[in-house]
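The structure appears right after this line, and notes come after that.
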Amino acid sequence: MAKKQAFEDLLETDFRWPTAGDNPFVRSENWFDNAIMPKEKNHRMANMTRGYKQAADLMVSSTTENRFERDAIVFPIIFNYRQYIELSLKYLISEYGPNVEIDPIWNTHDLARLWSEFSKILERYGTPDPDEADAAVKEIVAEFSKIDQHSFAMRYPVDTRGNPIPLEQTELNLDILADVMKGLESYFDGCDGFLFDQISGHHLSN
């Protein structure tokens, strides 16, 4: 563990200290400097889903020249990728499930359950899978569920009772992780496009 700096030493560096009037949520007069958080829920859902994955991708890229950053930011990287998967499945279920009598699911972080419901949607739409991508994605989702079943292990070292959360794995290659997620993004985008086409063309199978 790095030695902590003395408070006096910190004051002699380029050091930012909280000051009266600090407000973290300020709107700039120059709109170009602002990040926009849309009020419309579907737009916000799309931005959130894309944003979590992009943030993880950027974090992986930032460690290319500094290997030691990886040990700290591996946790938000995995969390962000996991959150991307969760939001992608929840979006696809909510958008396309009701047409085949499957209700949206907003009250769980259980990836296995979300994947199970989404699989039913694919089956009821008669989605072709010549490359057997469904089985590959099922395994990827299962791995994320094993690493962090309840979206908790990458955010805290202990559970709500203060007991250490055991880690399923303690080393991984972040570049391979990012590459796998790139394929997963293509899959989810492909499913969205196919199912939208089915809805638009009323091509539901009997």
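The values are calculated or read from the model by the stated rules, or taken from the named source; none is laboratory data. None of these values were measured; they are calculated from a predicted model. Positions of Cβ are backbone-derived with ideal geometry, glycine not excepted, and every protein chain shown enters the neighbour counts.
Annotations
- Pairs where the first residue, in region 27-44, is free of Cβ contacts under 8 Å to residues at least 12 places away in the same chain and surrounded by 10 or more Cβ atoms within 10 Å (Cβ to Cβ) and the second is of a type in the set (Lys, Arg) and not in a helix (DSSP H, G or I), C-beta under 8 Å, 6+ apart: 34/27
- The residues listed here are 84, 52; of these, the one that is in a helix (DSSP H, G or I), within 27 Å of residue 150 (Cα to Cα), free of Cβ contacts under 8 Å to residues at least 40 places away in the same chain and not hydrophobic (A, V, I, L, M, F, W, C) is 52.
- Region 132-183, subset among the basic types (Lys, Arg) and part of a loop (DSSP other than H, G, I, E, B), residue surrounded by the fewest Cβ atoms within 10 Å (Cβ to Cβ): 161
- Test result for residue 188, modelled with pLDDT of 95 or more, surrounded by 14 or more Cβ atoms within 10 Å (Cβ to Cβ) and within 25 Å of residue 67 (Cβ to Cβ): no
- Any hit, region 111-121, residues being acidic (Asp, Glu), surrounded by 17 or more Cβ atoms within 10 Å (Cβ to Cβ) and without any contact (Cβ under 8 Å) to a residue 60 or more places away in the chain: yes
- Test: residue 47 is surrounded by fewer than 18 Cβ atoms within 10 Å (Cβ to Cβ), of a type outside the set (Val, Ile, Thr) and at pLDDT below 95: no
- Failed item, numbered, when residue 108 is tested on (1) assigned to a helix (DSSP H, G or I); (2) within 18 Å of residue 45 (Cα to Cα): (1)
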